[in-house]
1. With the requirement that a residue be among the β-branched types (Val, Ile, Thr) and within 19 Å of Gln110 (Cβ to Cβ), what does the range 42-68 give you?
2. If you go through the range 94-105 one residue at a time, do you hit one that is charged (D, E, K, R), within 20 Å of Cys23 (Cβ to Cβ), surrounded by 11 or more Cβ atoms within 10 Å (Cβ to Cβ) and out of contact with any helix residue (DSSP H, G or I) (no Cβ under 7 Å at 6 or more places or on another chain)?
3. Restricting to the range 42-52, name every residue that is surrounded by 12 or more Cβ atoms within 10 Å (Cβ to Cβ) and touching a helix residue (DSSP H, G or I) at 6+ places or on another chain (Cβ under 8 Å).
4. Just to be sure, is Val125 modelled with pLDDT under 85, loosely packed, with under 13 Cβ neighbours inside 10 Å, within 30 Å of His7 (Cβ to Cβ) and not small (Gly, Ala, Ser)?
5. Give the residue that is surrounded by the fewest Cβ atoms within 10 Å (Cβ to Cβ), with candidates limited to residues of the range 9-41 that are in contact with a Phe, Trp or Tyr (Cβ under 7 Å, 6 or more places away or on another chain) and not in a strand (DSSP E or B).
6. Return the only residue of Arg98, Arg103 being modelled with pLDDT under 90, touching a Cys at 6+ places or on another chain (Cβ under 8 Å) and farther than 17 Å from Val125 by Cβ.
7. If I filter the range 53-64 for residues that are surrounded by fewer than 18 Cβ atoms within 10 Å (Cβ to Cβ), assigned to a strand (DSSP E or B) and in contact (Cβ under 8 Å) with a residue 24 or more places away in the chain, do I get at least one hit?
Amino acid sequence: MVMEVLHSTCAGMDVHKKNVTVCLVYRDAAGQRVQEIRTFRTMTKELLAMRDWLQDHGCKVVAMESTGVYWKPIFNLLEGEFEVLLVNPTHIKHVPGRKTDVRDCEWIAQLLEHGLLRPSFIPPVEIRDLRDLTRYRRQVVNAHTAEVNRVQKVLEDANIKLAADSASPKRGHGRDGGLRACHFEGVDGGGARPTGVGGVVERALAE
């Protein structure tokens, strides 16, 4: 039984940290199937050369596995100029019929050629940018809270007590937050207030 060809010209990619191996499938002037395999480094210059090579052969659809994070720069570079299918490796693994001597990029190209790949959903670039920004903001807020807690513990270990209105690191953030109002009880039992140290700590907490 001969399987139907959905994409007569397409490419499968096996992406790694330092290089990407590409299997390009196309038809020659006689209509015969031709397969070329090339390896490119993942530096921008070579990725651009890979893109030009694919375009020179009229390739408009490519597929790769969503392994780790190595696919992201390649996906970003090809997006908009190719139809890029990002495929779950588990799906590729469970498609029957693979021969043992076939490379990963060859197998991906064969599956793509016959329309047997199910791509993963990739949000639009605007949504991806917003998601990255939101994740970064969460990391910054968490880092701020962790630093406030660390400084507060150091002060407590030194028997420097924060006032009740600024005891919680979650009372506010920045120079207008609750931590800005912190002051210290006397460290020597005599009621003295170490305003110099307090000012330094206040600024550290607020920032």
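1. The initial filter retains those residues of the range 42-68 that are among the β-branched types (Val, Ile, Thr), namely 42, 44, 61-62, 67.
Of everything in the range 42-68, those that are among the β-branched types (Val, Ile, Thr) and within 19 Å of Gln110 (Cβ to Cβ) turn out to be Val61, Val62, Thr67.
2. Start the filter on the range 94-105 by keeping residues that are charged (D, E, K, R), which leaves 98-99, 101, 103-104.
Filter again for within 20 Å of Cys23 (Cβ to Cβ), leaving 98-99, 101, 103-104.
Add one more test, that the residue is surrounded by 11 or more Cβ atoms within 10 Å (Cβ to Cβ), and what stays is 98, 103-104.
Filter again for out of contact with any helix residue (DSSP H, G or I) (no Cβ under 7 Å at 6 or more places or on another chain), leaving 103-104.
Yes, some residue in the range 94-105 is charged (D, E, K, R), within 20 Å of Cys23 (Cβ to Cβ), surrounded by 11 or more Cβ atoms within 10 Å (Cβ to Cβ) and out of contact with any helix residue (DSSP H, G or I) (no Cβ under 7 Å at 6 or more places or on another chain).
3. Answer for the range 42-52, where residues must be surrounded by 12 or more Cβ atoms within 10 Å (Cβ to Cβ) and touching a helix residue (DSSP H, G or I) at 6+ places or on another chain (Cβ under 8 Å): Thr42, Leu47, Leu48, Arg51.
4. Details: modelled with pLDDT under 85: yes; loosely packed, with under 13 Cβ neighbours inside 10 Å: yes; within 30 Å of His7 (Cβ to Cβ): yes; not small (Gly, Ala, Ser): yes.
Yes: the conditions hold for Val125.
5. Lys17
6. Answer to the check: Arg103.
7. Taking the range 53-64 first, the residues surrounded by fewer than 18 Cβ atoms within 10 Å (Cβ to Cβ) are 53, 55-58, 60-61.
Then drop every residue that is not assigned to a strand (DSSP E or B), which leaves 61.
Adding the requirement that they be in contact (Cβ under 8 Å) with a residue 24 or more places away in the chain leaves 61.
Among the residues of the range 53-64, at least one is surrounded by fewer than 18 Cβ atoms within 10 Å (Cβ to Cβ), assigned to a strand (DSSP E or B) and in contact (Cβ under 8 Å) with a residue 24 or more places away in the chain, which makes the answer yes.
The values are calculated or read from the model by the stated rules, or taken from the named source; none is laboratory data. Model, not experiment: these values are computed from the prediction. Methodologically, a virtual Cβ is constructed for each residue, glycine included, from the backbone with ideal geometry; neighbour enumeration extends over all protein chains shown.
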